[in-house]
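These notes concern the structure reproduced below.
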Amino acid sequence: MSWQTYVDANLLGAGFCYAAICGHDGAMWANSPGYTVLPAEAVKLDGLLSGTMENLSSIANGGFYVAGQKYAFTRGEVDDEDGGVPFLQGRCKEEGKSAQGIIVYRTGKALIIGVHDPAYSNGASFGKVNTEIGKVADYMFENGY
């Protein structure tokens with residue numbers, strides 16, 4: 001299965017309105033139409049998720065950017081004692097888009113990014129899409145990606 005199939009079937013199909021998979025260096029592996037994660041944004045996300053909780057704390061006040069959109073940091077985990085895949089979540093800061101949330105997972109070689117907006121989710125809740133992106137992240141992590 002191609003990376004694009006993971007984006008289309010597993011992420012967009014689960015209810016994300018935008019999704020992408022890219023390398024730690026920012027190279028795009030697959031993305032939804034019109035959704036472009038800038039290489040510098042991906043490198044910054046990789047750095048945040050490859051360190052300690054102090055790294056994530058650094059964005060608590062200022063937020064972070066993905067595909068040019070600013071998000072407020074809401075939660076994340078980088079040093080899960082059970083060996084879970086590092087992730088962060090955020091909420092859109094733009095007026096009128098506050099219901100839009102983002103989830104980013106970091107596997108051994110990739111970042112998996114999904115943006116959820118209830119208006120474009122076909123009824124999928126944030127919890128449901130979070131579970132689905134987590135399954136993709138776990139699969140990639142377990143298979144060396």
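The values are calculated or read from the model by the stated rules, or taken from the named source; none is laboratory data. Because the structure is a prediction, the values reported are computed rather than measured. Methodologically, a virtual Cβ is constructed for each residue, glycine included, from the backbone with ideal geometry; neighbour enumeration extends over all protein chains shown. SASA here: full protein model, heavy atoms, side chains in, ligands and nucleic acids out. Shrake-Rupley method; radii C 1.70, N 1.55, O 1.52, S 1.80 Å.
Summary table below
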{"read-out": "Residue in the range 100-118 that is of a type outside the set (Ser, Thr, Tyr), exposed (fewer than 14 other Cβ atoms within 10 Å of the Cβ), out of contact with any Gly (no Cβ under 9 Å at 6 or more places or on another chain) and without any contact (Cβ under 8 Å) to a residue 40 or more places away in the chain present", "value": "no"}
{"read-out": "Identity of the residue in the range 113-145, assigned to a helix (DSSP H, G or I) and small (Gly, Ala, Ser), that ends up modelled with the lowest pLDDT", "value": "ALA119"}
{"read-out": "Test for PHE64: is it open to solvent by less than 60 Å² (accessible area, probe 1.4 Å), at pLDDT 95 or above, over 27 Å from ASN143 (Cβ atoms) and among the aromatic types (Phe, Trp, Tyr)", "value": "yes"}
{"read-out": "Single unsatisfied condition, THR5 versus (1) surrounded by 14 or more Cβ atoms within 10 Å (Cβ to Cβ); (2) not in a loop (DSSP other than H, G, I, E, B)", "value": "(1)"}
{"read-out": "Of all residues in the range 8-49 being within 13 Å of the chain's Cα centre (by Cα) and aromatic (Phe, Trp, Tyr), the one that is most open to solvent (accessible area, probe 1.4 Å)", "value": "TYR18"}
